[in-house]
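To start, the structure itself, in structure tokens.
The values are calculated or read from the model by the stated rules, or taken from the named source; none is laboratory data. Here the structure is a predicted model, which means the values were calculated and not measured. Here the Cβ positions follow ideal geometry from the backbone for every residue, glycine too, while neighbour counts run over all protein chains shown. Please note that ligands, DNA and RNA were not included when accessible areas were found on the heavy atoms of the full protein model with its side chains. Shrake-Rupley method; radii C 1.70, N 1.55, O 1.52, S 1.80 Å.
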Amino acid sequence: MHNIDIDLVEMTLDVTKYVINRITNTNPVLGMPKKEEELKKLVGETITPEGIGGEVAFEKWKEVLVKATVPIDHPRHLAFVPASPTRSAIMFDLITSASCIHGAYWMEGAGGIFAENEAMRWLVSLTGMPKGAFGVFTSGGTAANLSAMVTAREHWRSLDKNHDALKGLIITSVGAHSSVKSMAKVIDAEILLVPTEDVLTYDKLRETIEGLDAFTRKRLFAVVATGGTTNAGIIDDLDGVARFCEEENVWFHVDAAYGGGALAADSVRHLFNGIEKADSITIDPHKWLFSPYDCGAILYKHPELAKKAHAQEGSYLDIFKDEGAQGFNPAEYQIQLTRRVRGLPLWFSLAMHGTNRYKEAIERGIELAKIAGDMIRSNSELELVREPSLSCVLFRKIGWTPEDYKEWTYENQRDGFALVTPTKWKTGETYETVSRFCFINPDTTEEDIAAILASMN
Ligand SMILES: *Cc1c(COP(=O)(O)O)cnc(C)c1O
């Protein structure tokens, strides 16, 4: 299979050509999903005893399968949290694959892990966490949140033997990302949601625990604040949450999977004050730091606590005797063992462009949200649901029903024009269906925004 033959050389050229075309195309076709049966009919049998050949398989990819995907870097893809990996990061993602590096232990991955750690040092510096704080790249925000919650829970149990028998309790807010709630299930912790999608504050946390009985309060081991909610870009009062956690002696985690990139943006950095006091922070470089999928990160104030919780033991893992093998082992700080050195594309792109370019590209996302806000304000048929926050804009078309938003979304996608999806926002006691933009891609233009708004007519 690994013989270098002429076919393989040709295939390599074909793949390279495809990659160059794709990453230089800043306006890729906005694809549509198809039903599985339809795709099967179009591609036929692909896995056969003899193989169908690279050329044929590649053809099926180009002609059918990739067209049933939505390129998330499309400048008019403003749904969920879009992405916009730099060309250099994508190129280096190919190099990361081609280099075949096992990124779990320094023994095998030293050079790659060194580069990842250079990028990590910059991330840590953005947070202002104290000396000694460090982190590791994960598959995404979900894995990062899980790794932090396991560390927090193990630390809590180490404080008092009686905690071993208790089901731990985490407090967060309704605005927290769904992964916080689902990862609490994974570690069998109970989650208490402060009923607000707006800013989580010291007072709201105090109020919440005052309503708890002594036994339940004893089970509290962590508070998860959000540094940029996924739905609306809201940043909790991190200073206030930090004070609460300090008084209650519980773990302070900040989920900044989406918003973390904005730590590099001077115009909004002050909104994150207090984040430097966190015990752990989640940041997704594959969201607002222009890395290809997948790349998350978990940062710890005391990495040794993560090591206590996560280091795996096994007779086959005992070989770190060599001088050169002494170093940082990413496997020991999060849930995964075998891992891709997925921070490598970020490192290369940061090294190539410099951190100022990152600042500018992130500020552009924030600026686009303001521009969209102004356009909405000056349009008598549209209304802002709330002021734009970070790069999120929630707005309504006066008189529209949930069905109208849905039809409009599908029509734009079918036309290959844009992907903008509705969301819900609670006004008073009821949830209202509204529209939402989330800006990441600095190639999105004011004309794009104007055209999308015009398509609501
Ligand atoms: C996207 C997101 C997550 C989940 O991250 P994945 O990389 O999708 O696993 C967690 N928290 C917040 C706030 C997010 O925006």
- Message: With a 1.4 Å probe and all protein chains kept in place, how much accessible area does D239 have, in Å² rounded to the nearest 10?
- Response: 60
- Message: Checking the a/c ratio against 1.5 first, then a/b against b/c, what shape does the Cα gyration tensor give for the chain?
- Response: oblate
- Dividing the alpha-carbon radius of gyration of region 93-353 by 2.2 N^0.38 Å, where N counts its residues, gives 0.99
- Item | Gain on full stretching of the segment that runs from S380 to K161 - 0.36 nm per residue minus C-alpha separation | 72.6 nm
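What is the chain's relative contact order, in percent, from Cα pairs under 8 angstrom and six or more apart in sequence?
Value for the chain: 21 percent.
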- Item | Charge dipole (debye, nearest 20) of region 1-106; +1 at Cβ of Lys and Arg, -1 at Cβ of Asp and Glu | 600
- DSSP-defined antiparallel bridges as percent of all bridges, the chain, nearest 5: 55
- Message: Using the crude model of +1 on Lys and Arg Cβ and -1 on Asp and Glu Cβ, and no other charge, please compute the dipole size for region 67-172 relative to its Cα centre, in debye to 20.
- Response: 300
- Task: Within the set of other residues whose C-beta is less than 14 Å from the C-beta of V174, count the net charge using Lys and Arg as +1 and Asp and Glu as -1.
- Result: -1
- Message: Just to confirm, what accessible area per residue do you get for region 93-353 at 1.4 Å probe, in whole Å²?
- Response: 40
- In range of the label at K218: residues from region 130-163 whose backbone nitrogen is under 13 Å from the point 7 Å along Cα→Cβ: 160-163
- Task: Could you work out the relative contact order of region 286-386, using alpha carbon pairs under 8 angstrom and six or more residues apart, expressed as a whole percent?
- Result: 26
- Task: Quick one: pull the percent of accessible area on the chain belonging to carbon and sulfur, 1.4 Å probe, ligands and nucleic acids left out.
- Result: 54
- Radius of gyration and maximum dimension Dmax of region 317-427, Cα, Å: 22.9, 70
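If R0 is 60 Å, what FRET efficiency do you get for E207 and D7 from their C-beta distance, rounded to 0.05?
Between E207 and D7 the formula returns 0.30.
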- Message: Which one, L289, A278, I234, is farthest towards the positive end of the dipole of region 232-348 when Lys and Arg carry +1 and Asp and Glu -1 on their Cβ?
- Response: L289
- Message: At 1.4 Å probe size, what's the solvent-accessible area of K34? Round to the nearest 10 Å².
- Response: 100
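With runs of 4+ DSSP H residues as the only contributors, calculate the mean residue ellipticity of the chain at 222 nm using -39,500 (n - 2.57) per run, divided by the residue total and rounded to the nearest 500.
Calculated from helices alone, the mean residue ellipticity at 222 nm is -12500 deg cm²/dmol.
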- Would you give the gap between the C-alpha center of region 326-364 and the C-alpha center of region 88-115, rounded to a whole Å? 11
- If you stretched the chain out fully between D404 and F417, how much longer would it get, using 0.36 nm times the residue separation minus the C-alpha to C-alpha distance? 3.0 nm
- Query: With each label point set 7 Å from Cα along the Cα-Cβ vector, what nm distance links I52 and E360?
  - Reply: 4.5
- Query: How far apart, in nm, are the 7 Å Cα→Cβ label points at H353 and S182?
  - Reply: 2.9
- How much area per residue is accessible in region 357-454 when the probe is 1.4 Å and only protein heavy atoms are counted (Å²)? 47
- Task: Take each complete run of DSSP H in the chain, measure how far its Cα atoms stretch along the helix's own axis, and keep only those covering 24 Å or more with mean Kyte-Doolittle hydropathy at least -1.0; list them.
- Result: 6-24, 106-127, 141-159, 355-377
- At a Förster radius of 25 Å, what calculated FRET efficiency corresponds to the Cβ-Cβ distance of K370 and Y18, to the nearest 0.05? 0.10
